[in-house]
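Only one structure is covered here, and it is reproduced in the block below.
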Amino acid sequence: MLRTVGRHTLSIVHDLGDFTLFTGRAFRSAVGSRRLGKRIVRAGFEQGVRCLPVILIVGLFTGLVLGLQGYYVLNRFGSESLLGTLVSLSLVRELGPVLAALMLVGQAGSALAAELGIQRNTEQIAALETMGVSSHAYLVAPRLIAALLVYPMQTALFIAVGLWGGSLSGSLLLGLESGVYWSSVERAVESPDVRECFTKAATFGLLTIALCAYYGFNAHRCSSATGARAVSASTTRAVVLSSIVVLAADYVITSFLV
């Protein structure tokens with residue numbers, strides 16, 4: 001049993017070190033890379049514009065549900081006027097960055113892992129390296145830099161739509177005055193809350209996109225399967241592990257900033 005535990009521990013430490021070196025190599029290779037800006041814009045389009053519908057839909061329904069549940073909870077204590085406070089702080093401090101990151105992982109992260117896995121499977125990455133082109137600078141670095149920019153913007157949009165959804169639930173469905181709702185939102189959200197929100201969003205973006213890129217890039221050795229099954233296994237592992245990392249990182253960041 002001890003031998004098994006030790007073997008798995010060493011494997012985890014090895015993978016963690018390999019992932020750290022992979023991410024550091026990607027950022028280092030971005031320095032002096034040609035046409036980096038163009039590739040960042042393309043990566044931003046993939047992570048931002050293509051993921052916009054899911055961010056809007058999930059953000060709206062999250063706000064609607066928060067408005068309904070929050071109103072009925074506050075109604076028990078005669079504090080319906082604090083609905084805006086409940087919805088805004090829930091979205092800004094926790095649900096906004098976490099749910100937006102999970103949605104982006106499900107769409108942009110899975111697509112990235114599958115794309116890199118297919119490129120590895122068809123030896124396109126090996127061809128780039130044979131031609132003297134840095135595969136980290138060409139394929140990975142633009143995605144990481146774009147994630148640091150896109151994730152906070154998508155999170156801000158998610159929160160804005162969620163606040164509007166909470167207002168719809170409170171004002172149109174439950175009869176709460178719209179001015180009361182938005183004034184409580186304005187009083188509740190402060191600059192430390194916004195700073196924590198964007199810190200989480202940028203951290204989640206870096207970790208999740210780096211993990212998806214890592215597993216897609218190393219699809220040939222991340223699974224005992226080969227071919228299409230290796231791509232499928234690496235993509236699934238990337239999405240699942242990224243989702244777990246989002247929740248774990250959320251706890252760590254919250255414990256330091258609260």
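Here are the numbers for this structure:
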read-out: Scan of the stretch 13-37 for residues that are part of a loop (DSSP other than H, G, I, E, B) and of a type outside the set (S, T, N, Q), ordered by number; value: Val31, Gly32, Arg34, Arg35
read-out: Flag if Ser90 is within 21 Å of Glu196 (Cα to Cα), over 17 Å from the mean Cα position of the chain (by Cα) and either in a helix (DSSP H, G or I) or not hydrophobic (A, V, I, L, M, F, W, C) (or both); value: yes
read-out: Only one of Ala249, Ala188 that is buried (at least 16 other Cβ atoms within 10 Å of the Cβ), touching a Leu at 6+ places or on another chain (Cβ under 7 Å) and free of Cβ contacts under 8 Å to residues at least 60 places away in the same chain; value: Ala249
read-out: Subset of the stretch 141-178 [at pLDDT below 90 and small (Gly, Ala, Ser)]; value: Ser169, Gly170, Ser171, Gly175, Ser178
read-out: Selected residue (only one of Gly67, Gly48, Gly106, Gly44 is touching a helix residue (DSSP H, G or I) at 6+ places or on another chain (Cβ under 9 Å), buried (at least 23 other Cβ atoms within 10 Å of the Cβ) and either at pLDDT 90 or above or in a helix (DSSP H, G or I) (or both)); value: Gly67
read-out: Any hit, the stretch 111-129, residues being within 24 Å of Val194 (Cβ to Cβ) and buried (at least 21 other Cβ atoms within 10 Å of the Cβ); value: no
read-out: In the stretch 124-155, the residues that are without any contact (Cβ under 8 Å) to a residue 60 or more places away in the chain and of a type in the set (A, V, I, L, M, F, W, C); value: Ala126, Ala127, Leu128, Met131, Val133, Leu148
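The values are calculated or read from the model by the stated rules, or taken from the named source; none is laboratory data. For clarity, every value in this text was computed on a predicted model and none was experimentally measured. Methodologically, a virtual Cβ is constructed for each residue, glycine included, from the backbone with ideal geometry; neighbour enumeration extends over all protein chains shown.
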